Structure formats: C-alpha cells, structure tokens
1. Pairs under 6 Å by beta carbon, first residue in the same structural domain as residue 100 (by TED's automatic domain parsing) in the range 28-57, partner among the aliphatic types (A, V, I, L, M) and in a loop (DSSP other than H, G, I, E, B), six or more apart or different chains?
2. Which pairs have Cβ atoms under 7 Å, sit 6 or more apart or on different chains, and link a residue in the range 78-99 that is surrounded by 18 or more Cβ atoms within 10 Å (Cβ to Cβ) to one that is among the aromatic types (Phe, Trp, Tyr)?
3. May I ask you to list pairs of residues, at least six apart or on different chains, whose Cβ atoms are under 6 Å apart, with the first in the range 311-327 being closer than 12 Å to residue 300 by Cα and the second being of a type in the set (A, V, I, L, M, F, W, C) and not in a helix (DSSP H, G or I)?
4. Which one is farthest from the ligand (Cβ to nearest atom) among residues in the range 223-265 that are part of a helix (DSSP H, G or I) and small (Gly, Ala, Ser)?
5. Out of 134, 121, 84, report the one residue that is farther than 26 Å from residue 226 by Cβ, away from the ligand (no atom under 15 Å from the Cβ) and outside any loop (DSSP other than H, G, I, E, B).
6. Of all residues in the range 178-192, which are buried (at least 17 other Cβ atoms within 10 Å of the Cβ) and free of Cβ contacts under 8 Å to residues at least 60 places away in the same chain?
7. Could you tell me whether any residue of the range 191-203 is at pLDDT 95 or above, within 30 Å of residue 254 (Cα to Cα) and not aromatic (Phe, Trp, Tyr)?
8. Condition test on residue 100, is it out of contact with any Phe, Trp or Tyr (no Cβ under 8 Å at 6 or more places or on another chain) and away from the ligand (no atom under 16 Å from the Cβ)?
Amino acid sequence: MTIQLGPHRIEGQVFLAPMAGVTDVPFRQICRNWGAAYVVGEMVASQAHLWASAKSQSRFRFEESDTLRVTQLLGADPDALEKAVYFAVEQGAQVIDFNMGCPAKKVCSVACGSALMKDEAEAQMLLKRLGEAARGAGVPVTLKCRTGWDESHKNAVTIAKMAADEGFSMVTVHGRTRVGGYISPVEYDTIGEVVKAVSIPVVANGDIINGERARRVLDETGAAAVMVGRASMGNPWIFRQISAYLKGDRFSEPDYRERVETILDHWQAHFAFYEEDLAVRTFRKHLSWYLQGWPNAAPALAVVLREQTGESQRQRLCDYFAAQGWI
Ligand SMILES: Cc1cc2nc3c(=O)[nH]c(=O)nc-3n(C[C@H](O)[C@H](O)[C@H](O)COP(=O)(O)O)c2cc1C
C-alpha cells in the first residue's frame, strides 16, 4: 500500500514514531538506513519565544539524510501554531504533524498534546487553523493522537473525522488513552474504528514490537501502516525485520559485527550533529540501549559511560568491541 502525502509518496508500511530525546536527525538517519519508510522528528513547541533555544533549534533542523522532512508541532494557541507552521516550512519542513498525543500534564504552561482531546470544540478550532496554515504554506498536515482522554472519553473517531474534514492527509493513532500512559493494553479495535470512519490513511501505533505483531495489527485494523516507537531504541534493525516479515521475505538478525558498524555510524552522525559536550552526554542513552544484554557489556559500559570526551568515549567503546573480536 502506498501513502500519498500531498506530493510525497511513502513507499513502505513501517514508520518511526516521533520521540522527544530520541528521534533526532542522527537516529532518524540510522532508522532510515535500516528501512524505516517514514520518520518524524521530536515534537517542538509552537511558541516563538522558545525557538531560539538550542533544543528547539536542533528540532527544527534537517540534514541531507532527511529525505522527507517532517516537523511535529505541539501547542494550543492557534496564532502561535500558525506562525510555527510557516517557520517550520522556512526551516525546511515538507510535512507538518500536529501532536495531540503528548500526555505531559502541562507542556509549555498550557494544556496541549492529548489534553486537547478533552475539549472537542477547541480541538476542532485548532485543526481548522492548522489545516488553513498548512494549505497557506503549501505543505500537507497530519495528526497524531491517542484514543481519547480516558476509558469513558474515547473520541479518536470524532477527532480523526474532524482532521480529515479540515484537510489533514493522515492520522496516526497511539492506541491508548491519555490516562493509559505508555503501559495500558493497546486498543487496536479503536484504531480499527478510526480506519472505518475516515478515508485518509490511518497509521497504527502502540507496542509494535515485531513482524508478527505488525502483521496482526495491519490485518485487524485495516491501517495503512504501523509506527514503531520504543522497540526501535537500540534496535534500529527492527524496521528491516518487520518490513521483511510483512513481505514474506527472509530476514536474518544482524550479527554483532554488523550492529557494531551501525553503532559507530550512529556515533559519527551524532557527533557531527551536536557540539561535543552535548553529544557525549546524549549518546550515553543510545549506548545503554544498544548494549543491553550483550556479552560482557555491563563492566565495559560502566567504563564507557564515565568518559567525558567524544574521542575517549569512542575509544573505550572500540576497546570493548575489539576485546570481543567484533572489530
Ligand atoms: C521517550 C519518548 C518520547 C516521546 N516523544 C513523543 C513526541 O515528541 N511526540 C509524539 O507524538 N509522541 C511522542 N512519544 C510517543 C511515541 O511517539 C509513541 O506514540 C508511543 O511511544 C507508543 O508507541 P510504542 O509503544 O511503539 O513506543 C514519545 C514516547 C517516548 C517513549
């Protein structure tokens, strides 16, 4: 199945979810290399006064590797969101995604993210303004939401219909309510109801952890694609694994040597993107994810995570890989 977002054609059904603090430019590049068909950047606040911060700047930024550039906006002020759409497009965004899924109680001092699903009139107004702004800026706009606020307020169908009516090109549903956080069982049936209710492509998100799960969710919901979040952390080959499973192709898990190559490529891209101090600190979490459960990794990781410069971090990492015979 091919998804068309305005002029952009997406080939493939396995997407990378936006994850603040994780899906930056370098990680998106690695996931693309391993077959992610569509990747979304980390959410960025719509208030203009926050755009000068280093964090926002890096989230609005794109590189050559971002073949389709998607910026996710978070906010509840229609004027600010409208300005943010134009600003994001000036920075290179080719698609705008609107976040109605973030569960944080108060983000940027106003209720936004999934809190917007609680107030349908407010949601409708914002979707309308965003639809208009995106048309004005000449880019498609998409929505990411949850199934609702809580068990007794599940309104993903209503919200998705509103988005479709306002000209949104795609909707991704994380199959949990706001109250369900990240751990309640995923309601794939609600995602299926959204698919039936709208004619735009629907992407199913929540606990897509392997090919079997992806196949089942696509079959049960009728969704156009699946979106993988946490299962990709330290595990970017999951995109190739799931895609192969969906096509009925053989897939062999990459061996340690191949994984090591990916880690070192990621390290390289990460240090090319961030200044060194930040790069050293922010790469630690990726290393902890990558090396989880690897032979003799715990003592090696303890050493690597203590290093304070890029070069020494890389050197200690390579010492470990060499001791295992992988490089
Ligand atoms: C660390 C982290 C950061 C996240 N940041 C965002 C974000 O910036 N925007 C967004 O729409 N969702 C965000 N999410 C939610 C994910 O996109 C996804 O909907 C959720 O993790 C469920 O998918 P999964 O079960 O495959 O992880 C985040 C999730 C995690 C774990």
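1. 42/20; 43/20
2. 87/51; 88/60
3. Matching pairs, first to second residue: 321/327.
4. Among those residues, the one meeting the criterion is 244.
5. Answer to the selection: 121.
6. Selection gives 180, 186, 187, 188, 190, 191, 192.
7. Taking every residue of the range 191-203 in turn, at least one turns out to be at pLDDT 95 or above, within 30 Å of residue 254 (Cα to Cα) and not aromatic (Phe, Trp, Tyr).
8. No: the conditions fail for residue 100.
The values are calculated or read from the model by the stated rules, or taken from the named source; none is laboratory data. Quick caveat: nothing in here was measured; it's all calculated off a predicted structure. Virtual Cβ from ideal backbone geometry, glycine too; neighbours counted across all protein chains shown.
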